[in-house]
Amino acid sequence: MSNHEVDVVIIGAGHNGLTCAAYLAMAGLKVKVVERRKVVGGAAVTEEFCPGFRNSVAAYTVSLLNPQIISDLKLADHGLKIVERRAQNFLPAPDGNYLLTGEGRTQQSVAKLSQRDAATIGVFSGELEAIADVLRQFVLRAPPNLVEGFGLGAVSEAFNALGTANILRRLSLEQQRNLLDLFTRSAGEMLDERFENDLVKALFGFDAIVGNYASPYAAGSAYVMLHHAFGEVNGKKGVWGHAIGGMGAITQAMARAARGHGVEIETDAPVREVIVEKDRATGVILDNGETVRAKYVVSNVNPKLLYTRLVPEGALASEFRTRIARWQNGSGTFRMNVALDTLPSFTALPDPGDHLTAGIIIAPGLGYMDRAWRDAREFGWSRAPVVEVLIPSTLDDSLSPPGQHVASLFCQHVAPQLPDGKSWDDHREEVADLMIATVDTYAPGFAGSVVGRQILSPLDLERQFGLLGGDIFHGALTLNQLFSARPMLGHADYRGPLRGLYHCGSGAHPGGGVTGAPGHNAARAVLADHRALFA
């Protein structure tokens, strides 16, 4: 088959791969992106799933996309428009109570549930925001990387560590104590200490388990809660929004930006193997036998997938391969899109209103979330699952026919691998019915309004998007897989164990979500090495 030679070949046209490609091409390098699927975007794509109904397929909402990247890539000029939810979150309870949050809403809504919590929520939210403000400065920089021996690399990392310490010094001592709690403790413990009302606890607790196959009482779940506080929309911190046209609008804008700087993007081009010569990655071989030679190979896939399936086994040290094989995946996620002939009417708040533009969280307490996880561990899926419902067509009428709507259902908890050798292929429809029935208990008539549906079990997410175990983060956000340990101590600087091989996906710092940050940071690493090599 034909051979091609470029400066950089990037495996995967997900949002991080496209971000990395754009930055490298802006710096003058010749870049080619190869994508296994027939469309660009990875998990951030918009597709028609029912005649006349389109929606984001996997990734489904916007907040963590870094504003610097939006600006640098001029994504607005390439068609990206993000609108805010008119209300942020709506949590209905079985007894008819509810919590509705957002600008000008949160305090009053919490006060109806608990005067004590109304006096506390601002303080706790302020604590999270203050810490998130400081930690945002780590998002677009590599964490300190541990290196063996003493040389230029060690000196460079010592300066990096000093810069990290200087950033953290901006936190007061009490804030540093809170940060330690957030990295090590469970969200459930911290929330039980501060609040008394179940819905108020659930508001924060949901962020601790979203995409995280764990109980809110699991150690380290507080960090996942903090991770979701980093976001902003249109300059407003802590706000969530919707990309007009769905999440695919983000990656389509990125692809246009990248192509505008000369990036070649080839779809329907799965990679069979990374070429390794003399301990250096020198290109890739596609499934069709085509070879793409490159000075640098950048991977946007899960690090476990990269090193156990794409890199030849003999090219890696046995210690590295053994450790990366233990890389923990699994989000406990069951993803659905449904086409609706009418808007849902919730018992707690039956009339149409701004609450239908919010993230609607079916999880009325931390105990409910904990039982959902325990069920999934024992039975394979929650008998009373956690479901977040978004109805993006309330903000974007391009997604559905007039008078009809689309809803995203982000459902938890389910086991990435079912017990007793059972297959998700045999239980997908059964669990989808349960998810819809769960929403129906809070919004009677919802099940009857469903005229079409798209179902993605953890196995489907793995098959379609390469999300091992259905893991939306490319690796659990646990303390042993964060910061300088993502994806492994010694490789937190976006450089793999082979020269010329780099990580730009969510398996690198700062982790999951549609952020673009790993792609940005990996591009900086490639450019630094390129300048050093050709200085």
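The values are calculated or read from the model by the stated rules, or taken from the named source; none is laboratory data. Keep in mind it's a predicted model, so treat the numbers as computed, not measured. Cβ placement follows ideal geometry from the backbone for every residue including glycine, while neighbour counts extend to all protein chains displayed. For accessibility, only protein heavy atoms count, side chains too; no ligands or nucleic acids. Shrake-Rupley method; radii C 1.70, N 1.55, O 1.52, S 1.80 Å.
Could you look at the chain and say what percent of its accessible area is carbon and sulfur, using a 1.4 Å probe and all protein chains? List each step's numbers first, then the result.
Numbers: 10510 of 20640 Å².
Of the solvent-accessible surface of the chain, carbon and sulfur hold 51 percent.
Measure nothing fancy, just the Cα-based angle from helix 517-533's long axis to the longest principal axis of the chain, in degrees from 0 to 90, nearest 10.
Tilt of helix 517-533: around 10 degrees.
Taking Rg and Dmax of the Cα atoms in Å straight from the coordinates, which label in (1) 24.5, 80; (2) 32.7, 103; (3) 22.6, 71 is the correct one?
Evaluating Rg and Dmax of the Cα atoms in Å on these atoms matches (3).
Enumerate the amide H contacts of V451 below 5 Å, restricted to partners 5 or more residues apart or on another chain; note that Pro and chain-start residues carry no placed amide H.
Here the answer is A339, L340, D341, since their amide H atoms fall under 5 Å of that of V451.
Extension gain A325-S125, at 0.36 nm per residue separation less the Cα-Cα distance, in nm? Intermediate results must be reported in sequence, preceding the final value.
Working: separation 200, 0.36 × 200 = 72.00 nm, distance 3.78 nm.
Separation in residues times 0.36 nm, less the Cα-Cα distance, equals 68.2 nm.
Can you compute 3J(HN,Hα) from phi for each residue in the stretch 469-476, using the Karplus curve 6.51 cos²θ - 1.76 cosθ + 1.60 with θ = phi - 60°, rounded to whole Hz and x for Gly and Pro?
Taking θ as phi minus 60°, the curve returns x, x, 6, 6, 9, 6, x, 4 Hz for the stretch 469-476.
For an R0 of 22 angstrom, estimate the FRET efficiency from the Cβ-Cβ distance between E378 and E429 and round to the nearest 0.05.
According to the calculation, E is roughly 0.55.
Can you run phi through the Karplus equation (6.51, -1.76, 1.60; θ = phi - 60°) for the stretch 311-325 and list ³J(HN,Hα) in whole Hz, with x for Gly and Pro?
8, x, 4, x, 7, 10, 4, 4, 5, 5, 4, 4, 6, 5, 5
Per residue of the chain, what 222 nm ellipticity follows from adding -39500 (n - 2.57) for every DSSP H run with n ≥ 4, rounded to the nearest 500? Numbers along the way, then the final one.
Working: 16 runs with 185 residues, N = 535.
Estimated from H runs of four or more residues: -10500 deg cm²/dmol.
Just order 427-434, 454-461 by mean Cβ neighbour count inside 10 Å, highest at the front, would you? Could you put the intermediate results ahead of the total?
Details: 427-434: 16.0, 454-461: 22.5.
Highest mean packing first, the order is 454-461, 427-434.
How would you rank 122-131, 299-308, highest first, on the average number of other Cβ atoms within 10 Å across their residues? The partial results should precede the final answer.
Numbers: 122-131: 15.0, 299-308: 25.4.
Listed from highest to lowest mean packing, they are 299-308, 122-131.
Which length gain, in nm to one decimal place, applies between R177 and L479 when the Cα-Cα distance is subtracted from 0.36 nm times their residue separation?
Numbers: separation 302, 0.36 × 302 = 108.72 nm, distance 1.64 nm.
Value of the extension gain: 107.1 nm.
Provide the FRET efficiency to the nearest 0.05 for the L533-E273 pair, computing r from the beta carbons and using R0 = 22 Å.
Values: r = 24 Å, r/R0 = 1.10.
It comes to 0.35.
Stretch L168-D77 to full length: gain in nm at 0.36 nm per residue minus the Cα-Cα span? Walk me through the intermediate numbers first.
Working: separation 91, 0.36 × 91 = 32.76 nm, distance 3.55 nm.
Extra length from L168 to D77 when fully extended: 29.2 nm.
In the chain, what is the count of Lys pairs whose alpha carbons are under 24 Å apart, counting only pairs at least 8 residues apart or on separate chains?
20
Angle between the Cα long axis of helix 198-209 and the longest principal axis of the chain, 0 to 90 degrees, nearest 10?
20
Provide the per residue accessible area, probe 1.4 Å, for the stretch 422-535, rounded to a whole number of square angstrom.
On the way: 3880 Å² over 114 residues.
Result: 34 Å² per residue.
Keeping all protein chains in place, calculate the accessible area per residue for the stretch 40-87 (probe 1.4 angstrom), answer in Å².
On the way: 1870 Å² over 48 residues.
Value for the stretch 40-87: 39 Å² per residue.
Quick one: ranking E378, E264, E103 by accessible area, 1.4 Å probe, largest first, what do you get? Show your work: numbers first, answer last.
Values: E378 125, E264 90, E103 160 Å².
Putting E378, E264, E103 in descending order of accessible area: E103, E378, E264.
Out of all DSSP beta bridges with both ends in the chain, state the antiparallel percent to the nearest 5.
Values: 47 of 69 bridges.
Around 70 percent of the beta bridges assigned by DSSP in the chain are antiparallel ones.
Counting only heavy atoms of the protein chains, get the accessible area per residue of the stretch 210-256 (1.4 Å probe) and round it to a whole Å² value. Intermediate values should be presented prior to the final figure.
On the way: 1260 Å² over 47 residues.
Accessible area per residue: 27 Å².
Picking from A437, M26, G41, whose Cα lies most toward the positive end of the charge dipole for the chain (charges on Cβ: Lys, Arg +1; Asp, Glu -1)?
Of the options given, the answer is M26.
Report the accessible area of H509, computed with a 1.4 Å probe over the heavy atoms of all protein chains in place, in Å² rounded to the nearest 10.
About 10 Å², rounded to the nearest 10.
Near the amide H of A87, under 5 Å away, which other amide H atoms are found, from residues 5 or more places off or on another chain, if H is placed in the peptide plane?
T357, A358
Are there cysteines in the chain with no second cysteine's Cβ under 4.7 Å away, and if so, which?
Lacking a cysteine Cβ partner under 4.7 Å: C50, C411.
Calculate how steeply helix 15-26 sits against the longest principal axis of the alpha-carbon atoms of the chain, using the helix alpha-carbon long axis, and give the answer as 0 to 90 degrees to the nearest 10.
40
Determine the order of S172, S408 by accessible area, beginning with the largest, at a probe radius of 1.4 Å.
Working: S172 55, S408 5 Å².
Output order, biggest surface exposure first: S172, S408.
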